[in-house]
């Protein structure tokens, strides 16, 4: 890291709130409608953008596997409807465990925060409201799908959050759960701390190739808050090589 962090941007689905399972279920249902039967594990390996999207690309990948000539736009619409139905059926949406402590730390350090998501604005704001996070971020601090010309892995979303927060991208720490999102942040010039929900070893290794500065098992990983303290202070003594999955680590 070459610049002291003065802002932070969070992905939404999978990072702040764990709705990835609903995205996965919705995609598998849409794939079945297109004549493609996949388990979650098969989808992870056969659909390169299954985690993190962008959704139009996933629909194209399903179409490439289908023998039924179902248009990708139809599969995309089926996925969105299924996802909306799934999140509408749950009584409560909550932040991932441990997120609140990280947000408290950032606020205590006067680190401005925003959300950068490929989710449509109305859905994103409603998810934040139901998760009790809208008061912190507010609609004005959300960069959503319709706010940028290109979705992740293009850098547009995280360039936009940096602009919104009034900092160069290099001073914005991005929190992501997907390699697609990490690629977007790195393309924008922002350092990335990855907090994935997927435990597949092959997928986790892709974060190294994405150039993230840190990977943590979850928001409650031992040492995460002290690690963030050092990152926010640009303390290069925080960096270390050769750490293992399951503990917070930083790549030099």
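Quick one: how many residues across the stretch 133-171 are in a loop (DSSP other than H, G, I, E, B), out of contact with any strand residue (DSSP E or B) (no Cβ under 7 Å at 6 or more places or on another chain) and over 22 Å from residue 188 (Cα atoms)?
In the first step, residues of the stretch 133-171 are kept if they are in a loop (DSSP other than H, G, I, E, B); the result is 133, 138, 144, 148-155, 166-168.
Of the ones still in play, those that are also out of contact with any strand residue (DSSP E or B) (no Cβ under 7 Å at 6 or more places or on another chain) are 138, 144, 148-155, 166, 168.
Next, from what is left, pick out any that are over 22 Å from residue 188 (Cα atoms): 138.
Count: 1.
Mind listing whichever residues of the stretch 113-132 are part of a helix (DSSP H, G or I), closer than 16 Å to residue 161 by Cβ and touching a residue at least 24 places away in the same chain (Cβ under 8 Å)?
Within the stretch 113-132, the subset part of a helix (DSSP H, G or I) is 121-130.
Those still in the list that are closer than 16 Å to residue 161 by Cβ too: 121, 124-125, 128.
Correct list: 121, 124, 128.
Determine which single condition residue 93 fails, assuming it passes every other condition in (1) in a helix (DSSP H, G or I); (2) within 25 Å of residue 127 (Cα to Cα); (3) touching a residue at least 24 places away in the same chain (Cβ under 8 Å).
(1)
Under the condition of being touching a residue at least 60 places away in the same chain (Cβ under 8 Å) and not in a helix (DSSP H, G or I), which residue from the stretch 27-59 is surrounded by the most Cβ atoms within 10 Å (Cβ to Cβ)?
52
Looking at the stretch 86-98, is at least one residue surrounded by 15 or more Cβ atoms within 10 Å (Cβ to Cβ) and over 30 Å from residue 165 (Cα atoms)?
Within the stretch 86-98 (the criterion being surrounded by 15 or more Cβ atoms within 10 Å (Cβ to Cβ) and over 30 Å from residue 165 (Cα atoms)), the answer is yes, since at least one residue qualifies.
So which of 87, 51, 62 ends up being modelled with pLDDT under 90 and under 22 Å from residue 152 (Cα atoms)? Before you say what the answer is, go through the steps one by one.
Values: 87 fails: under 22 Å from residue 152 (Cα atoms); 62 fails: modelled with pLDDT under 90.
Selected residue: 51, the only one of 87, 51, 62 that is modelled with pLDDT under 90 and under 22 Å from residue 152 (Cα atoms).
If I go through the stretch 172-196 residue by residue, how many of them are surrounded by fewer than 22 Cβ atoms within 10 Å (Cβ to Cβ) and assigned to a helix (DSSP H, G or I)? Please lay out each step first, then the result.
Of all residues in the stretch 172-196, those surrounded by fewer than 22 Cβ atoms within 10 Å (Cβ to Cβ) come to 186-187, 189.
Checking which are assigned to a helix (DSSP H, G or I) leaves us with 186-187.
Residues meeting the conditions: 2.
All but one of (1) in a loop (DSSP other than H, G, I, E, B); (2) more than 26 Å from residue 183 (Cβ to Cβ); (3) not assigned by TED's automatic domain parsing to the domain that holds residue 186 hold for residue 110; state the number of the condition that does not hold.
(3)
Checking the structure you have, find out if any residue of the stretch 119-134 is under 15 Å from residue 7 (Cβ atoms), surrounded by 19 or more Cβ atoms within 10 Å (Cβ to Cβ), modelled with pLDDT of 95 or more and not assigned by TED's automatic domain parsing to the domain that holds residue 53.
From the stretch 119-134, those under 15 Å from residue 7 (Cβ atoms) are none; that's our starting set.
Scanning the stretch 119-134 turns up no residue that is under 15 Å from residue 7 (Cβ atoms), surrounded by 19 or more Cβ atoms within 10 Å (Cβ to Cβ), modelled with pLDDT of 95 or more and not assigned by TED's automatic domain parsing to the domain that holds residue 53.
Looking at the structure I just gave you, is residue 76 buried (at least 18 other Cβ atoms within 10 Å of the Cβ) and touching a residue at least 24 places away in the same chain (Cβ under 8 Å)?
Details: buried (at least 18 other Cβ atoms within 10 Å of the Cβ): yes; touching a residue at least 24 places away in the same chain (Cβ under 8 Å): yes.
Judged against the criteria, residue 76 is a match.
The values are calculated or read from the model by the stated rules, or taken from the named source; none is laboratory data. Just so you know, these numbers come straight off a predicted model, no measurement behind them. When we count neighbours, we look across all protein chains shown, and the Cβ atoms used for this are built from the backbone with ideal geometry, even at glycine.
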